[in-house]
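Notes follow the structure.
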Amino acid sequence: MKKIQNICCIGAGYVGGPTMSVIAKMCPEIKVTVVDLNQKRIDLWNHEDLDKLPIYEPGLKEVVAEARGRNLFFSTEIDKAIDEAEIIFISVNTPTKTYGKGKGQAADLKYIELCARNIAKVAKSDKIVVEKSTLPVRTAEAIKSILDNTGNGVKFEILSNPEFLAEGTAIEDLINADRVLIGGDETPSGIEARNTLSWVYEHWLPKEQILQTNVWSSELSKLVANAFLAQRVSSINSISALCEKTDANVAEVSRAIGFDSRIGSKFLNASVGFGGSCFQKDILNLVYIAKSFGLPEVADYWEQVILMNDYQKRRFAENIISTLYNTVSGKKIAFYGWAFKKDTNDTRESAAIYVADALLEEKAELVIYDPKVNAETIYADLDYLGTRTEEENRKLVTVVNDPMQAAANAHAIAILTEWDEFKNYDWKTVYDKMLKPAFLFDGRRILDATKMQETGFKFYKIGEA
């Protein structure tokens, strides 16, 4: 088995950046180069102020500080990095298609194909190419076809190595991974490539936690893992709606079923809905694949997970409107939180975006505070929906850097992200700044209902009557 000296990763985003930083930290003898076309993003990865890194992730800046400049490098020189590398990770965006066949469900693989063609053009020596992005089953086949038909005489082995990271705990998930999955061909060269990548991870993980499969099983396992997790969230959210009608408490129901060892307690926290770059995209991908292979019942089953998630967000927004006397027109509503979960600045598919969109349709005026998400991102998220013009979004939405400023003269506050700091606010001061009656909608179930009601709030908490 060949020992590796150079690794390259194409894509410096939420997966590529942290993953390569940890590999560099744990494998000091391997040069790791992360490349991206986005000069601004690379400049931030190289910024001397580690608080300016383009991704907020607990523990990330300490890992980058240790490895950057030693054996971890960030660059826009993609061709040079490809040429030098023995292992090339592809970690570019694979968004859901917004056009053509499979629109709204299938993954858009144009960036993956561009990477493959670039590797094919540049490579002058044998390479192991690793799919790190979440991809539909049989994408490796397409990559292999492009690479094998270059005419350069270079041998490529294609591996699937999906990430199982949760944003907010990504560094911990990488350093103490419960498993690493490596899929590849069942040929002598394919098995050797799998063992070579396994050797990299064996620098810090026990070999028995590195699972090797065929490439198709690896690709499908990633989609299925996210689908199962999202299914649990939608399941408990469906029960939260029932709890609100029956005087049951969803936290007590979650606790009761979580004690069942067959079920377990994880991913049973009711909320305003799941977000992030993976859950919805991967389930839609699964739905599309099932339909493509003539399995409509399978597709319908998994699509219901998405429909329930959409319902939960819509239900939360509609409850705000109905509670505020069936009109929010001209009323100031403060959002605490915009990121899709705490401890990340990622806002992709965040529930806050869709709740905001519903309220803006009713002419509400929103004031948004999030400790890690900037105004540029918030406006971009709303503009991307295309529901209103950019001018309308900036007229109706104000982004502030102070939670107390957000609360001033607000009719209501909606908690959309479970940031720990929200639990520790002086809620009496918040209440005093608001118009009365002061409404508080806890979409993340982080506040104590009795305390909030004693403070004076008209308080609503998902999953409780």
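The values are calculated or read from the model by the stated rules, or taken from the named source; none is laboratory data. Nothing here was measured: the structure is a model prediction, and the numbers come from that model. Cβ: placed from backbone, ideal geometry, glycine included. Neighbour counts: every protein chain shown.
In the set VAL298, VAL287, only one residue is of a type in the set (Val, Ile, Thr), over 30 Å from ALA412 (Cα atoms) and either out of contact with any helix residue (DSSP H, G or I) (no Cβ under 8 Å at 6 or more places or on another chain) or crowded, with 23+ Cβ neighbours inside 10 Å (or both); that residue is VAL287. Within the range 26-48, the set of residues being more than 19 Å from LYS80 (Cα to Cα) and touching a residue at least 24 places away in the same chain (Cβ under 8 Å) comprises MET26, CYS27, PRO28, GLU29.
Which one is modelled with the lowest pLDDT among residues in the range 145-160 that are small (Gly, Ala, Ser) and part of a loop (DSSP other than H, G, I, E, B)? Per the criteria, the residue is GLY151.
For residues in the range 161-185 being within 17 Å of the chain's Cα centre (by Cα), part of a helix (DSSP H, G or I) and touching a residue at least 60 places away in the same chain (Cβ under 8 Å), which is nearest to LYS61 (Cα to Cα)? Across the range 161-185, the extreme among qualifying residues is ILE171.
Consider SER189 carefully, then state whether it is assigned to a helix (DSSP H, G or I), free of Cβ contacts under 8 Å to residues at least 60 places away in the same chain and closer than 24 Å to ASN285 by Cβ. Here the answer is no, as SER189 does not meet what is asked. Kindly check whether there is at least one residue in the range 292-301 that is in contact (Cβ under 8 Å) with a residue 40 or more places away in the chain and in a helix (DSSP H, G or I). Checked the range 292-301: no residue is in contact (Cβ under 8 Å) with a residue 40 or more places away in the chain and in a helix (DSSP H, G or I). Inspect all residues belonging to the range 214-234 and state whether any of them is crowded, with 19+ Cβ neighbours inside 10 Å, farther than 25 Å from ASN285 by Cα and either in contact with a Ser or Thr (Cβ under 9 Å, 6 or more places away or on another chain) or without any contact (Cβ under 8 Å) to a residue 24 or more places away in the chain (or both). Looking through the range 214-234, none of the residues is crowded, with 19+ Cβ neighbours inside 10 Å, farther than 25 Å from ASN285 by Cα and either in contact with a Ser or Thr (Cβ under 9 Å, 6 or more places away or on another chain) or without any contact (Cβ under 8 Å) to a residue 24 or more places away in the chain (or both). In this structure, LEU60 does satisfy being touching a residue at least 40 places away in the same chain (Cβ under 8 Å), surrounded by fewer than 21 Cβ atoms within 10 Å (Cβ to Cβ), closer than 28 Å to ASN176 by Cβ and aliphatic (A, V, I, L, M).
Per-residue answers, yes or no, for (1) part of a helix (DSSP H, G or I); (2) free of Cβ contacts under 8 Å to residues at least 24 places away in the same chain; (3) over 29 Å from ILE128 (Cβ atoms); (4) touching a Gly at 6+ places or on another chain (Cβ under 9 Å):
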residue: GLU208; (1), (2), (3), (4): yes, yes, no, no
residue: GLU244; (1), (2), (3), (4): yes, no, yes, yes
residue: ARG262; (1), (2), (3), (4): no, yes, yes, no
residue: SER265; (1), (2), (3), (4): no, yes, yes, yes
residue: LEU268; (1), (2), (3), (4): no, no, yes, yes
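On inspection, ILE78 fails the criterion of being buried (at least 19 other Cβ atoms within 10 Å of the Cβ) and not basic (Lys, Arg). Screening SER198 against (1) farther than 25 Å from ILE30 by Cβ; (2) among the small types (Gly, Ala, Ser); (3) free of Cβ contacts under 8 Å to residues at least 40 places away in the same chain leaves a single unmet condition, (1). If you scan the range 222-266, which residues turn out to be modelled with pLDDT of 95 or more, closer than 27 Å to ILE289 by Cβ and touching a Leu at 6+ places or on another chain (Cβ under 6 Å)? If the condition is that a residue be modelled with pLDDT of 95 or more, closer than 27 Å to ILE289 by Cβ and touching a Leu at 6+ places or on another chain (Cβ under 6 Å), then ALA227, ILE236 are the ones that fit.
Here is a check on your reading of the model: is GLU48 within 30 Å of ARG194 (Cβ to Cβ) and not small (Gly, Ala, Ser)? Against the criterion (within 30 Å of ARG194 (Cβ to Cβ) and not small (Gly, Ala, Ser)), GLU48 does not qualify. Within the range 197-213, the set of residues being buried (at least 18 other Cβ atoms within 10 Å of the Cβ) and in contact with an Asp or Glu (Cβ under 8 Å, 6 or more places away or on another chain) comprises just one member, ILE210. Selection of the range 219-242 for residues being touching a helix residue (DSSP H, G or I) at 6+ places or on another chain (Cβ under 6 Å) and either farther than 20 Å from PHE316 by Cα or not in a helix (DSSP H, G or I) (or both) yields LEU223, ASN226, ALA227. Among the residues of the range 105-144, those that are at pLDDT below 85 and part of a loop (DSSP other than H, G, I, E, B) comprise GLN105, ALA106, ASP108, LEU109, SER133, THR134, LEU135, PRO136, VAL137, ARG138. Within the range 302-325, count every residue that is touching a residue at least 40 places away in the same chain (Cβ under 8 Å) and among the acidic types (Asp, Glu). Residues meeting the conditions: 2.
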